[in-house]
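Please read the structure below before turning to the comments.
The values are calculated or read from the model by the stated rules, or taken from the named source; none is laboratory data. Since this is a predicted model, take the numbers as computed values, not measurements. Cβ coordinates were reconstructed from backbone atoms using ideal geometry, including for glycine residues, and neighbour counts include every protein chain displayed. We work out accessible area using only protein heavy atoms, side chains counted, and drop any ligands, DNA or RNA first. Shrake-Rupley method; radii C 1.70, N 1.55, O 1.52, S 1.80 Å.
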Amino acid sequence: MVKAEVITIGDEILFGQITDTNAQWISTELTNIGIRTIRKSSVGDNEQAILDVLQEAESRADVILITGGLGPTKDDITKKTLCNYFDTELYINEEALAFITNFFEKRGRPMTELNRQQAAVPKNSTYIPNNWGTAPGIWIEHNGKVFISMPGVPFEMKNLMTHAMLPKLREFFETPVIYHKMLHTIGIGESFLAERIADWEDNLPSHIKLAYLPNFGQVRLRLTATGSDLEQLKKDTQAEVDKVLPLIAVNVFGYDNVEIENVVGQLLKERGQTVATAESCTGGYVSHLITKVPGSSQYFTGGVVSYSNEVKIAELGVNSDTLAAHGAVSEQTVIEMAEGVRNRLHTTYGIAASGIAGPDGGTEEKPVGTIWIASAGPDGTVTQKLQLGKFREQNIQFTSVYLLNLLRKQMLGL
């Protein structure tokens, strides 16, 4: 397996002024051509720090990919540092100079000496044209390893990677084919899921590996197959999916890049049905997830954020006696919320959530994290009690996902 390390350079990353999206994107693209990223590092605009991380990366990786520090200003020191590391010097590459000159002439802008210096690259490197900017791409081969330096601007880097660096890496290394298949499960914890599929996991073929990726009430199962024939890997992986599905079918809601809101939306659209939301503790987050999906206006009519009891009564028709007897956080109340929004907005389904998101407001009887959800439809109303943790944001996200799943299960009769 060819191993890679990704290094992002720039004080602005360490200061938290920008988010490093380059490393994540690069790692994904490397995986697709059979190169495994073993480490990601971020380092500031400090020569010694860059030299140290380069030395460490070379000791463990076959490919070292660097982004950032190629601009025209004094704080951009990547090229000079690479010269120091490889004991070489910069020179003006005529191809690069011609490209940069043409770049400025086309835009009717003067080219300064600083701009001219962007045509300078290490003598031991291969210049890779950057068609979307003036900072060069740099390819260096050293002791059987490859060092790649690219601009930190994401769209420039992606263009260089896609059209130049990835094809060159495929030629330089004999890389295997890697194929990923993702199963999305919901409503079952990671440890319970692992126990349920333990025998299947133990008998996976040696070229297929399994990873558990938990996230807000969901656990994604990632199957990664490695070999030389993509079509065969797809068949092998699907065969394993077919074996495990009978064990977890009730918990599987989708595959690969699909999310629960996409699945629910597709079901509603296919059936020509609609949904409305009545949210208390989630504060509109369920509606946000639904409307993230393009075309959701076909099946989502609207919602009510009924944070106070007065709004529950006035807008959803919740009975004041229900609230007095059982409280806002109760099965009885959430049923009336779901049925009320369904009736008021004339939809096929009404879904509702009411609970104590935290971090305070709980009681001994109803501690923080106590949440009731309901889904009302043509065949009646189903409910579920959640007992979550003490963290407000997580509780909101968990509840929203579980509520959409409750709707999905009701629609499918699960």
If I go through region 254-278 residue by residue, how many of them are part of a helix (DSSP H, G or I), touching a Phe, Trp or Tyr at 6+ places or on another chain (Cβ under 7 Å) and β-branched (V, I, T)?
2
Among helices (runs of 4 or more DSSP H) entirely inside region 119-196, those with 2 or more residues being open to solvent by less than 10 Å² (accessible area, probe 1.4 Å), modelled with pLDDT of 90 or more and among the aliphatic types (A, V, I, L, M) are 154-160
Boolean, D242 is open to solvent by 70 Å² or more (accessible area, probe 1.4 Å), farther than 30 Å from A338 by Cβ and of a type outside the set (V, I, T)
yes
In region 26-61, what residues are in a strand (DSSP E or B) and small (G, A, S)?
S41, S42
Mind checking which residues of region 361-380 are open to solvent by 50 Å² or more (accessible area, probe 1.4 Å) and either aromatic (F, W, Y) or closer than 19 Å to E279 by Cβ (or both)?
G361
So, of the residues in region 257-295 that are open to solvent by 60 Å² or more (accessible area, probe 1.4 Å) and modelled with pLDDT under 95, which turns out to be nearest to T237 (Cα to Cα)?
N257
Hey, does region 198-210 have a residue that's open to solvent by less than 60 Å² (accessible area, probe 1.4 Å), aromatic (F, W, Y), touching a residue at least 40 places away in the same chain (Cβ under 8 Å) and over 17 Å from L406 (Cβ atoms)?
yes
Output for region 348-362, where each listed residue is under 18 Å from K312 (Cα atoms) and either part of a loop (DSSP other than H, G, I, E, B) or of a type in the set (A, V, I, L, M) (or both):
I351, A352, A353, I356, A357
When S354 is run through (1) farther than 21 Å from Q266 by Cα; (2) open to solvent by 10 Å² or more (accessible area, probe 1.4 Å); (3) of a type outside the set (F, W, Y), the failure sits at (2)
